[in-house]
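Single-structure report; data block below.
The values are calculated or read from the model by the stated rules, or taken from the named source; none is laboratory data. Please read these numbers as outputs of a predicted model, since none were measured by experiment. Methodologically, a virtual Cβ is constructed for each residue, glycine included, from the backbone with ideal geometry; neighbour enumeration extends over all protein chains shown.
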Amino acid sequence: MERKADPETADAYLALIRERLPQRTVRHTLSVTALIMQVAERLDLNRASALAAGMLHDLHKADRKQDLLDAAEAFGIPILPVHRDRPKLLHGPVAAEDARRLFNIDDDAYEAIYWHTTGKRGLGMVGRALYFADYSEALRDHPEAPRARALLDEQGFDAALLYVADCKFAYVRQRPPVDPNTAEFHAWLHEMETHS
Ligand SMILES: [Fe+2]
Ligand SMILES: [Fe+2]
């Protein structure tokens, strides 16, 4: 049965994340969910996809590195060279697979969770909304978060997303290796901007 954006579904997600995650990650998850639901409203995205994406994206955030590598292998997730250096990058892909098995989440939520850390060229709207909300939620303490939320209000979602991708890319490129999908997502957003 496909999940809806209803209280029973939200309760099921909440029970699981409370069981699996430390308090700070639960708090972050709820804050991401609040923001992605706002974006979903603004952009008229599917609410069930947005709810699953927000609530379940960090389901494997607390996993140990070796557990992530083992789970990725068990799920048949492609393991890139960058994942050997940075196994934590696999927490999105592993969460997407796990969430699909547990809750039969839809393809948009799956894609959003899978790619939430790096983005990718061609990422769909729910994925873009999660990428934005993950970085910009109200409990983040970096100054770029309120700036990104202000941009959302002042200039709209595309400008706010581009700002977030610029900030994240500037940060990760100082700490190689960079996941090739991060670079591709960043380049793709700029190409779209030039052509619009
Ligand atoms: Fe994450
Ligand atoms: Fe997150």
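In the range 16-103, counting only helices (runs of 4 or more DSSP H) that sit wholly within it, the ones holding 1 or more residues that are at pLDDT below 95, away from ligand 1 (no atom under 16 Å from the Cβ) and surrounded by fewer than 23 Cβ atoms within 10 Å (Cβ to Cβ) span 81-85. In the range 113-124, the condition of being in contact with a Leu (Cβ under 8 Å, 6 or more places away or on another chain), more than 12 Å from ligand 1 (Cβ to nearest atom) and in a helix (DSSP H, G or I) is met by no residue. Residues in the range 154-170 that are under 18 Å from Val32 (Cβ atoms) and of a type outside the set (Val, Ile, Thr) were compared, and the one that is surrounded by the most Cβ atoms within 10 Å (Cβ to Cβ) is Leu161. Leu35 falls short of the stated requirement of being under 25 Å from Val172 (Cα atoms), away from ligand 2 (no atom under 13 Å from the Cβ) and touching a helix residue (DSSP H, G or I) at 6+ places or on another chain (Cβ under 7 Å).
Okay, residues lined up against (1) within 17 Å of Ala48 (Cβ to Cβ); (2) of a type in the set (D, E, K, R); (3) touching a strand residue (DSSP E or B) at 6+ places or on another chain (Cβ under 9 Å):
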site: Arg84; (1), (2), (3): no, yes, no
site: Pro87; (1), (2), (3): no, no, no
site: Glu111; (1), (2), (3): yes, yes, no
site: Gly122; (1), (2), (3): no, no, no
site: Tyr135; (1), (2), (3): no, no, no
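Filter the range 129-153 for residues that are surrounded by fewer than 22 Cβ atoms within 10 Å (Cβ to Cβ) and outside any helix (DSSP H, G or I); which is farthest from ligand 1 (Cβ to nearest atom)? Filtering first and then ranking leaves Pro143.
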